[in-house]
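Below: the structure, in structure tokens.
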Amino acid sequence: MMAAAATGALFPAANPPPDSGAKSSGNLGGGSLPGSIDARGLNVKKPAFGSLQAKANAQAPPKVNGTKVGVMDGFKDDEVISSHHPRTFINQLPDWSMLLAAITTIFLAAEKQWMMLDWKPKRPDMLADPFGLGKIVQDGFVFRQNFSIRSYEIGADRTASIETMMNHLQETALNQVKSAGLMHGGFGSTPEMSKRNLIWVVTKMQVVVDRYPTWGDVVQVDTWVAASGKNGMRRDWLVRDSTTGDVLMRASSLWVMMNKETRRLSKIPDEARAEIEGYFVDSPPVIDDDSRKLPKLDETTADYVRTGLTPRWSDLDVNQHVNNVKYIGWILESAPMQILEGCELAAMTLEYRRECRRDSVLQSLTSVLDKGVDDFPDFGNTECQHVLRLENGGEVVKGRTEWRPKLINGIGSLGGFPTDVA
């Protein structure tokens, strides 16, 4: 009874005559309402109130010159359900609020995109290159890019690892070539190089680190290229703190061309030289060349040996050889834990002898110089020599590293992060 009363209040209809019985479902005002229980006891889904009212409004017969038209046969005027409110010009207008909300949403989204494109730092310590795209400066000869140190780029020392910094160097080098419109095919290959299956390979890398950035720091990396002899190229990098301008790291490298198919070194073709020599800078390297000869190491002369190192699929680059940054991690695999825990890498010289492929198995060998008590340095400046070689004896990389003691910045902090105090 309560349900019937409520339904009648929402949907008024003519009451059936008392003697109409239960078989009056053919009349519009009688019978079972949609949503009632049928003879099998199943609930019949009710249509939404709004849709029923809209249907009723749609059934209202229009008038043309005072005459009703479009009325279905068999229906009388009083049998057509109409809305509770009289139909006027005002209540027939569309809902402008929905259209206004849609237009407002579109304008707000467009304004947000425009602000991102025309974004400028509001404070001098904010990142000037929020998307890390980089830009060409100094008359087109220097490429500059900012990097924010991420939490996953710091190591056990709570500072950016040397691999992180080297990856930033490599990224800026490739972005400079790309921004100059010279990238074609493989990483760093110009159009003329691609025609001849030529790629760039690094032969020597020198790095000096004054200070490692930590999580949240923003570094500014500048890079440029210069000629090196007749068939080589030198690339330099300068890494600064974007806030203070202090130099954090310097690096200089030598590159030559190699045939991608034969894996042999190649002279620079005149056509390829014409593509790149317009970007060469006439300037000395940021690091003086370390011409000291690196000694050979084997199981008998090395102090520490790590065997069974194998490349993973993720270690390969697009040229199908191991990325040169991966070699640094393998070299440090054989460094003694006392040095890794008590010192930080201050300088590094690497000479790349041959490439490493996916199926290679390597050995990492390290010899520590300036040994102190118990054949170990007393946490002063320490020098190590390294060799990364194939298990069959072929040298892949030879290197020299210099280490300095780790400094505690402030009371109870290491690398800018709080440490546990006993």
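Could you do me a favour and compute the accessible area per residue for segment 210-264, 1.4 Å probe, result in Å²?
Working: 2350 Å² over 55 residues.
Accessible area per residue, segment 210-264: 43 Å².
Pairs K195/K398; K135/K398; K178/K293; K267/K398: which exceed 29 Å Cα-Cα?
Violating the 29 Å limit, Cα to Cα: K195/K398; K135/K398; K178/K293.
Rounded, prolate or oblate: which fits segment 189-308 when a ≥ b ≥ c are the square roots of the eigenvalues of the alpha-carbon gyration tensor, with rounded for a/c under 1.5 and prolate only if a/b beats b/c?
On the way: a/c = 1.99, a/b = 1.13, b/c = 1.76.
Oblate.
Set the bar at 20 Å for Cα to Cα. Now go through K204/K230; K204/K296; K260/K296; K230/K296 and name every pair that lies beyond it.
Values: K204/K230 16 Å; K204/K296 17 Å; K260/K296 29 Å; K230/K296 29 Å.
Those over the limit are K260/K296; K230/K296.
The values are calculated or read from the model by the stated rules, or taken from the named source; none is laboratory data. The structure presented is a predicted model; accordingly, all values stated were derived computationally and were not measured. These area figures cover heavy atoms from the full protein model, side chains too; ligands, DNA and RNA do not enter into them. Shrake-Rupley method; radii C 1.70, N 1.55, O 1.52, S 1.80 Å.
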